[in-house]
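**Q** This is the structure I have questions about; it appears just below.
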Amino acid sequence: MEHEASFLSALLGLIFVLGIIFFISYLFKRFGSHLITGMTPANKKSEINLLDIRIVDPKNRLVLFRCRNKDYLVLTGETNCVVDSFAVPENQEAPHVEA
């Protein structure tokens, strides 16, 4: 009988500790994400927009992205070099990329 009581108290203690861990992780995801990123919730507008990705070969990709009204074409993979960068016209919007 005493053995069953200690097992039950250990099980209840484990459930309690796991509940606290899940509750704290929920609170952190809900209210504390700006602590990791360093951005306040009001400043969530991204400066970098991904425009397009093209696969060149199994190790390399061409990535087109926009940062501060300038487009960059970057070859990523083994070399990671900027292929080209050019200014964006004033009235051009960023297209949406479907991944």
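The values are calculated or read from the model by the stated rules, or taken from the named source; none is laboratory data. What you see is a predicted model; the values in this text were computed from it and never measured. Glycine also receives a Cβ, built like all others from the backbone with ideal geometry; neighbour counts cover every protein chain displayed.
**Q** Give all pairs with beta carbons closer than 6 Å in which a residue from segment 74-91 that is at pLDDT below 80 meets a residue that is outside any strand (DSSP E or B) and not basic (Lys, Arg); count only pairs at least 6 apart in sequence or on separate chains.
**A** Sorted first by the residue in segment 74-91, then by its partner, the pairs are Val88/Asn69.
**Q** Moving on. Could you tell me which of the residues Leu51, Leu12 is modelled with pLDDT of 85 or more and within 20 Å of the chain's Cα centre (by Cα)?
**A** Leu51
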